[in-house]
1. Can you tell which of 386, 410, 397 lies farthest toward the positive end of the dipole of the range 364-460, using +1 and -1 charges on the Cβ of basic and acidic side chains (Lys, Arg; Asp, Glu)?
2. Only one of the listed values, [x] 171, 63, 42; [y] 72, 59, 39; [z] 60, 57, 43, was derived from the coordinates as Cα extents along the principal axes in Å; which label is it?
3. Taking the Cα centre of the range 3-452 as the origin, how large is its charge dipole in debye, to the nearest 20, when only Lys and Arg (+1) and Asp and Glu (-1) carry charge on their Cβ atoms?
4. Using +1 at the Cβ of each Lys and Arg and -1 at the Cβ of each Asp and Glu in the range 170-262, identify which of 191, 181, 220 lies farthest towards the dipole's positive end.
5. What percent do you get for the relative contact order of the range 243-372 when only Cα pairs under 8 Å and 6+ apart count?
6. Can you figure out the FRET efficiency of residue 362 with residue 97, using R₀ = 45 Å and their beta-carbon distance, to the nearest 0.05?
7. Given labels modelled 7 Å from the Cα in the Cβ direction, how far is it in nm from residue 351 to residue 310?
8. Between beta-carbons, use under 9 Å as the cut-off and find the net charge around residue 191, counting Lys and Arg +1, Asp and Glu -1.
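Throughout, read-outs are computed from the coordinates displayed, never taken from laboratory work. Quick caveat: nothing in here was measured; it's all calculated off a predicted structure. Here the Cβ positions follow ideal geometry from the backbone for every residue, glycine too, while neighbour counts run over all protein chains shown.
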Amino acid sequence: MTFDDLANLDAVAQAQLARDKKVSKRELVEAAIDRIERVNPALNAVIHERFERALDESEHAIGPFGGVPIVIKDLECHTAGDPFHCGMQLLKGMSWTEPNDALVAALLRRAGYVVVGRTNTPELGMMATTEPEAYGPTRNPWDVERSPGGSSGGSAAAVAARMIPVGHATDSGGSIRIPSSACGLVGLKPSRGRVPGVPVGDLAGANVEHVVTRSVRDSASTLVVFAGTGWGAPDDEPPVRLRVGLMTTAPGGLLPVHPDCVAAVKDAAQLIASLGHTVEDAHPGALDELEHVMHYGAVTGVEVVTKLGHWSSRTGRPIWPGDVESHTWMLAEMGRSVTKAQLRTSLRYLAGYSRRVIEWWESGYDLLLTPTLAEPPPLLGELASTRDEPFKAAWRAAAIVPFTPPFNTTGQPAIALPLHWSEAGLPIGVQLVAAPGREDVLFKIAYQLEEARPWADRRPPVCA
């Protein structure tokens, strides 16, 4: 078993090799370090290496994933003694570290995962691309001139390029599903509350943590690490016949959807129907409420103010416009303009919106199928704001990611699957959404689709 052989194995397979003593835990980590050193310079996905510590920790890694290497997104999930910069030049300049593991990091370690590094993320995770001024852009291994998505783009690029099998990720508006679609990965956003964590400033309960993976079973098995076995983790038996709604137009119908993304979701619908499920053109009417964008944006702005306040308190200094990127400051200015009464109105609206959306599943549907993105992965630089044009990135992002934020509002589980590639060779993911708490339904059909149209052998041009 060579280091290159290990690159193609998912986490479950690597863990089994270690249990069978066909490879040592240290060798699993050594192989990952070798791959990162060879491939990362072309992608800028891993920004904080912790190689020596990982080798030492591998000797004592126990649990179902004993010795399997993983990377941690440099946001929310701090690891003891390591840099923790959240994409912020301010924290980078202060060489900020945290003394303890976050809860999710502790759970990953308890399962035997070995943290080999931390990955790039946009400032405070607020963009659908990974191009922070603090660390520069992460590049998409399928086309290095394009974005890997965000805000978990560093983890996604690392997993897609086979540096490691699994990458930690977070999602408050699509940040697991967006980069999974852009990089050809499996990306589950779990139900609200499924994965324990304490995100800063998450006023509407939109933020969740999980992982990006190349296989369905790695995603499902890691969710057991976070949620335990009591949540109804599925086996890989095919699901009973499901009723699936198909949505090809963006919510509200005002934004265009690229033909490649429409083709991907229609092709997925045909595949799902061929597996014995019922697919019909239908979606929750509430998704077309354009007011959602306004209220979601108002809450997001207040959350940015809260996050900046958190870091001002932690660092002991005020944060000024020059301390953060123009897009971040623009969101904070928006947040400061929201009164307490307006915030309460927005939170009430989002709660009612969630009920109206979820009623569709209660009416007899099992799944909703949509594009993940409305466009193929954008070129680097397209989602960049300037001091003169602070809204530029927000308007551009809105056109690309209309399908993911609604389900952060509702708290429903949603999964991005890599079922389609464009003629240009770019991955075009599709999204499946289930009723609250029904990750088991998502995983069952995901296993079925993975078997019907395997993607494991697809390798990007930049790859270990």
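1. Final value for the positive-end residue is 386.
2. [z]
3. Roughly 900 debye for the range 3-452.
4. Ranked along the dipole, the leading option is 191.
5. 42 percent
6. Efficiency, rounded to the nearest 0.05: 0.45.
7. Taking the two extended label points, one gets 2.2 nm.
8. For residues surrounding residue 191, the net value is +3.
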